[in-house]
Each structure stands twice: as structure tokens, then as C-alpha cells.
Amino acid sequence: LAWLPFLGSVALFALAPVIQGTAFWLVLRALRVPSRLDDALVIWTRSFLVRYAPSGALALVLRVRERERLGASQAEIYLSFAYEQLVALSSGAVACLVGFALVGSWPPLAATAASLTVLALAVAVRPGFLGRYVQRILRGRGYEITRLLRGRQLAYVIAFNALGWVAMGGATWLLIDSLADTPTPEVAWLVAAYAFSYLLGFVVPVLPGG
């Protein structure tokens, strides 16, 4: 084991959750939830750790329990959680397609299909398209949603969260470099492959991370 690149990998793997937790806070702020960044990061990090319980349901339970600390209603917690998953998937889709493109490689067909489906969903949930319809359905079920993310707001958070994929790709590159004597694959390819594996993880939702 080469310790210097290994420690660099640890640092980058630690940076990625900070970016993702900040993206969660940005979603809350876009929903007009008056949450502080430090509170949002603490609660997001705890839910990140407990997500490895089967089904990941404890992550949502913890956020609902801590909703007063975030200054959010139960409906806003559910909505922010849904937006966070959409942001993670969409930024992963972007990282997957861009990463393979940068190395001049066609992504696997499953990666292309999954990425385009996720991005189409991100476009569809805008308030001017299907967002208002979903809002009415939720209101009929007793969940009063007063605000939805606009397309530009969602795109901004997706772009910010994509930095986390770059960090994880770099961390993976350093980890492989610390262990292997053979040439390490390109960072862009590793970002794309890592994001693709994440997208595939949602095919098996019962297991942690697929």
C-alpha cells in the first residue's frame, strides 16, 4: 500500500459527502426552509450513516424526527428527500455521460438509458410541467406543498452536486493507484463508471446502495 495516495483518497472520499450534504441544504433553502448549514450537515451526515440499514428507511425517519431543528414541516422533509434523490441521480447521470464522452468511449447501453430517463424525469418535475400536477395529488393526500423547485434552481443544485462525483472519481483513482502497480485508468472513466454503478444500484432498492 502506498500511503500518500491512500490518504489522499480518504480525504476526497470525505469531501464528497460534504458536497452532497451542502446540496441537501441548498434544496432546503430553495424550498424556503430556514435551515442553517451546520444543522443541515449534521443531520444529513447522520442520515447518510444510517442509510446502510436495510431499505435505507432510517435515513428518512431520522430527518422527520429532526425536522424542528431544520425548521421544516414533515411534508417539506419528504419533498426535500425526494428532490435530493433526484439531484443525486441526475448529477450521477451527467457525470456518467460526460465522463465516458471525455475518454472518447460510448457508455454502456444500460448507462445511456438510465441516464436519459433520470434527466427526463428532472425536466418533467418542473412546476410548469408535471410539478403542479404532483403538488395537487399530494395536497389531496394531506401533504400541503407550498413551494416547488424551479428548473433553474434544480439545475443549479445538480451542477453543484456533480462536484461530488468528481471527488469520488478522484478518490477512486487514488485508491487504485495506492494498491496497483499497473497503470491506473483515467479519472474521467472512473467517474463515469462509478456513477454508472450508482445508477444501477437503484435497480435493487432493498439492498444498501444496490
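Could you calculate the FRET efficiency of residue 182 with residue 124 from 1/(1 + (r/R0)^6), where r is the beta carbon distance between them and R0 is 25 Å, rounded to 0.05?
E(calc), rounded to 0.05, equals 0.05.
Residue separation times 0.36 nm, minus the C-alpha to C-alpha distance between residue 14 and residue 39: what's the value?
7.2 nm
Under DSSP H, which helices of the chain have Cα atoms covering 27 Å or more of the helix axis and a Kyte-Doolittle average no less than 0.5?
3-30, 74-102, 151-179
Just the accessible area per residue of the chain, please: how many Å² with a 1.4 Å probe?
On a per-residue basis, 55 Å².
Where does the stretch 1-85 land on Rg/Rh, using Cα atoms and the Kirkwood Rh?
Result: Rg/Rh = 1.06.
Could the peptides 32-45, 79-92 be put in order, highest first, of the mean number of other beta-carbon atoms found within 10 Å of their residues?
With the highest mean Cβ count within 10 Å placed first, the list reads 79-92, 32-45.
Between residue 6 and residue 106, what is the label-point separation in nm under the 7 Å Cα-to-beta-carbon projection?
4.1
Give the share of C-alpha pairs in each 10 angstrom bin for the chain, from 0 to the last occupied bin, in whole percents, shortest bins first.
Distribution as computed: 9, 31, 37, 18, 5, 1 percent.
Just to confirm my numbers, what's the Cα centroid distance between the stretch 124-144 and the stretch 165-187 in Å?
First find each Cα centre; the distance between them is then 42 Å.
Report relative contact order for the stretch 75-210 in percent, whole number only (criteria: Cα-Cα under 8 Å, sequence separation at least 6).
35
Could you please state how large a percent of the accessible area of the chain is carbon and sulfur, counting protein chains only and using a 1.4 Å probe?
Looking at the chain in its full context, I get 68 percent from C and S.
At what distance in nm do the modelled label points of residue 197 and residue 58 sit from each other, each positioned 7 Å from its Cα along Cα→Cβ?
Roughly 2.3 nm, to one decimal.
Using only the C-alpha atoms of the stretch 94-210, find the volume of their convex hull and express it per residue in Å³.
Convex hull volume per residue, Cα atoms: 135 Å³.
The values are calculated or read from the model by the stated rules, or taken from the named source; none is laboratory data. Just so it is clear, the model here is predicted, and its values are computed rather than measured. Reconstructed Cβ throughout: ideal geometry from the backbone, glycine too, with neighbour counts over all protein chains shown. Surface areas here come from the heavy atoms of the whole protein model, side chains and all, with no ligands, DNA or RNA. Shrake-Rupley method; radii C 1.70, N 1.55, O 1.52, S 1.80 Å.
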